[in-house]
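Okay, so here's the structure we're looking at.
Coordinate-derived values only; no laboratory data. In this text, all values refer to a predicted model and were calculated from it rather than measured experimentally. In this analysis, Cβ positions are derived from the backbone assuming ideal geometry, glycine residues included, and neighbour counts consider all displayed protein chains.
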């Protein structure tokens with residue numbers, strides 16, 4: 001077995017870096033969706049949602065950077081073109097969404113997809129003894145589960 005300079009199995013880190021690039025692509029689509037609904041939201045809830053969506057896209061920007069830097073830490077290259085993001089992402093693109101319910105539903109659906117990907121990465125990072133990736137992904141999951149709960153409460157739905 002070959003180990004890299006941070007003590008991780010190189011075969012397992014290659015696999016994790018690929019999975020993190022998949023997550024990165026999906027996060028970039030999620031981020032762009034948030035920008036779009038932030039810009040286009042209308043209606044009586046505009047002021048509250050406009051601020052909330054900005055909070056979410058600011059957080060997504062930080063997470064995108066953390067994911068890319070983790071990929072680099074593992075010795076790989078982060079994806080960085082919209083072509084790559086579109087080709088690899090499962091998060092649906094939300095185009096011209098201005099209604100509050102549709103915007104919040106897009107967030108819930110996007111986070112649900114991100115959580116699926118993150119749980120797969122969490123399992124692999126645990127198996128690889130990759131505490132750095134494990135910790136980052138665990139933190140993402142904790143925050144996103146709470147956001148899903150809050151958004152579903154706003155939609156008057158249960159988890």
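Observations, loosely collected:
Table: residues versus (1) in a helix (DSSP H, G or I); (2) crowded, with 19+ Cβ neighbours inside 10 Å; (3) touching a helix residue (DSSP H, G or I) at 6+ places or on another chain (Cβ under 7 Å).
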residue	(1), (2), (3)
34	yes, yes, yes
39	yes, no, no
47	yes, no, no
54	yes, no, yes
67	yes, yes, yes
101	yes, no, no
104	yes, yes, yes
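- When residue 111 is tested against (1) in a helix (DSSP H, G or I); (2) under 30 Å from residue 3 (Cα atoms); (3) touching a helix residue (DSSP H, G or I) at 6+ places or on another chain (Cβ under 6 Å), only condition (2) is not met.
- Qualifying residue in region 88-95 (condition: more than 18 Å from residue 148 (Cβ to Cβ), touching a residue at least 60 places away in the same chain (Cβ under 8 Å), in contact with a helix residue (DSSP H, G or I) (Cβ under 9 Å, 6 or more places away or on another chain) and in a helix (DSSP H, G or I)): yes
- Residue count for region 106-130 satisfying the condition of being without any contact (Cβ under 8 Å) to a residue 60 or more places away in the chain and either closer than 26 Å to residue 43 by Cα or exposed (fewer than 14 other Cβ atoms within 10 Å of the Cβ) (or both): 6.
- Test result for residue 8, buried (at least 16 other Cβ atoms within 10 Å of the Cβ), under 16 Å from the mean Cα position of the chain (by Cα) and on the phi < 0 side of the Ramachandran plot: no
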